[in-house]
Amino acid sequence: MLNFISCNTANKGSNTTAVSEISDEALLDSVQRRTFGYFWNESEPTSGMARERFHVDGIYPQNDRNVVTSGGSGFGIMAIIVGIERGYVTREEGLTHMTKIVSFLEKADSFKGVFPHWWDGETGKVKGFSDKDNGGDLVETSFLLQGLLATHQYYINGTEAEKALAARIDKLWKAVDWNWHRNGKNVLYWHWSPSHSWEMNFAIRGYNECLITYVLAASSPTHGVPAEVYHEGWAENGKIIEPHEVEGYKLNMRYQSNSGAGPLFWAHYSFLGLNPTGLKDRYADYFQEMRNYTLINRAYSIRNPKQFKGFGEDLWGLSASYSTVGYAAHEPSEEGDHGVIAPTAALSSIVYTPEESMKVMRSLYNMGDKLWGPYGFYDAFSETEDWYPQRYLAIDQGPIIVMIENYRTQLLWNLFMSHPDVQSGLKKLGFESPQLK
């Protein structure tokens, strides 16, 4: 396999260009290029899939070095498209890698077409995320399919080999039984287990990171759910509408959080392919909603009620990440704030807050080797605790490169939104978008 980083990135361990000298474009290039390396160099070699995590020190307390992730691989697939387009790897190398991933998915454990959260990358056998979460994970499957459908569109008019891979992706897409995950009701359920059935009993209701799950469930041409599942389940017959104000910014929807807003990944995961620009339904104007949602997160960090070191207008971003308390979904509330900033939070929000996010990118870059590693910025840090772990998570690295690309060229948005099934699903649910034909 091409060792992408050593071939294409200078100054592996340090940023020798002063932050005041580097242009915005050069900084964006550097962040994208290094972050791509996570999904290329550190992909699990048997499957080609994204490893759940990468620790620079090689220490894995849970012995999970070869555990691969479905959702993080969906983000990584999009990252590979970016790498091909930007010339980090050749189109032929990219196709070979994508083929390895699809070949793995065709044989790996799945449950009525629904993929688990984790697998052993070497065997394709499910690795339980928890005791009862050892079967189909509908939400992580939707993150994976968001990437696969964008890839389908990338290859559908290409060479014969590319068209053949697009056809194989189409089979994986059509095999997912979204209706099964209704469990006979007008709502989608997150988990099903071959040994515990529906015992986790986690109905997916809004708003959180799962909007894409309902969009894809409605879009399926083989096992698509009716619009009522979205309106009665996700939106709870309109109860999702709950106008309120946080940190001086207005939100229209109710969030599954006690603080009135939540972690920033809720503004990212569904919108890596689903273009929020001009996207509206009866519940929200999604770009405006997500912009305000991001600005709330920033405003809370500027107010900094717990007086954590470093927080301010040039350094903000609370999201799910590694943490001083283990792993936590940090959010803009005193209960949900542990003084930990995750670079993915502000950087993946660049489509909503370009100027504000660029300031954070420069501040992070200026902190040098504490944060800037072989695959971009490390996952999380706390200046207050002098805590700078050299660790990466796939689900945090992926949105950085993908959202930067959407900010620069709208590449992944254009691919995903062009899929005819996605177009049909959005129309079925009553969405408006400039990209609907």
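The values are calculated or read from the model by the stated rules, or taken from the named source; none is laboratory data. Computed from a predicted structure; not experimentally measured. Heads up, the Cβs are rebuilt from the backbone with ideal geometry, glycines too, and the neighbour counts pull from every protein chain shown. Ligands, DNA and RNA are stripped out before the accessible areas are found, and what is left, the full protein with its side chains, is counted by its heavy atoms. Shrake-Rupley method; radii C 1.70, N 1.55, O 1.52, S 1.80 Å.
Per-residue packing, averaged as other Cβ atoms within 10 Å, sorts the ranges 160-169, 66-75, 193-202 into the order 66-75, 160-169, 193-202, beginning with the highest. For the range 228-288, trypsin sites (Lys or Arg not before Pro) meeting the loop criterion (DSSP other than H, G, I, E, B) and having at most 15 other Cβ atoms within 10 Å: 239, 282.
Note on residue 229: accessible area is roughly 0 Å² with a 1.4 Å probe, heavy atoms of protein only.
When +1 charges are put on Lys and Arg Cβ atoms and -1 charges on Asp and Glu Cβ atoms, the dipole computed for the range 123-167 relative to its Cα centre reaches about 80 debye. What the range 227-326 shows is 37 Å² of accessible area per residue, with the surface traced by a 1.4 Å probe over protein heavy atoms.
Counting Lys and Arg as +1 and Asp and Glu as -1, each charge on the Cβ, what is the dipole of the range 344-424 about the Cα centre in debye, to the nearest 20? Before the final figure, lay out each step's value.
Working: 5 positive and 10 negative charges, 45 e Å.
The calculated dipole for the range 344-424 is roughly 220 debye.
Per residue, the convex hull around the alpha carbon atoms of the chain comes to 129 Å³. For the range 282-437, the extents of the C-alpha atoms along the principal axes are 51, 33, 28 Å, listed from largest to smallest. A simple rule links phi to the HN-Hα coupling: the Karplus curve 6.51 cos²θ - 1.76 cosθ + 1.60 with θ = phi - 60°, which for the range 70-87 gives 6, x, x, 6, x, 5, x, 4, 5, 4, 5, 4, 4, x, 5, 5, 8, x Hz, with x for Gly and Pro. Protein heavy-atom accessible surface, 1.4 Å probe, per residue over the range 58-152: 34 Å².
Sorting the segments 28-34, 417-423 by their residues' average number of neighbouring beta-carbon atoms within 10 angstrom, most packed first, yields 28-34, 417-423.
For residue 171, a cut-off of 21 angstrom between C-alpha atoms picks up these lysines, skipping any fewer than 8 places away in its own chain: 100, 107, 112, 125, 163.
Could you work out the helix-only [θ] at 222 nm for the chain, with each DSSP H run of four or more residues adding -39,500 (n - 2.57) and the total divided by the number of residues, to the nearest 500 deg cm²/dmol? So the calculated ellipticity at 222 nm is -12000 deg cm²/dmol.
A straight line joining the Cα centroids of the range 369-437 and the range 111-129 runs 23 Å.
Surface composition of the chain: carbon and sulfur make up 46 percent of the accessible area, probe 1.4 Å. Here's the list of aspartates and glutamates a cross-link from residue 428 could span, going by alpha-carbon distance under 20 Å and ignoring same-chain residues fewer than 8 apart: 177, 228, 232, 236, 281, 285. Of the GluC sites (Glu not before Pro) found in the range 334-365, the ones in coil according to DSSP and having at most 13 other Cβ atoms within 10 Å of their Cβ are 334, 335. The trypsin sites (Lys or Arg not before Pro) found in the range 114-158 that occupy coil by DSSP, while having at most 13 further C-beta atoms within 10 Å, are 125. Let me know the whole percent of all Cα-Cα pairs from the range 391-437 that are separated by more than 14 Å. Considering the range 391-437, 59 percent of its Cα-Cα pairs are separated by more than 14 Å.
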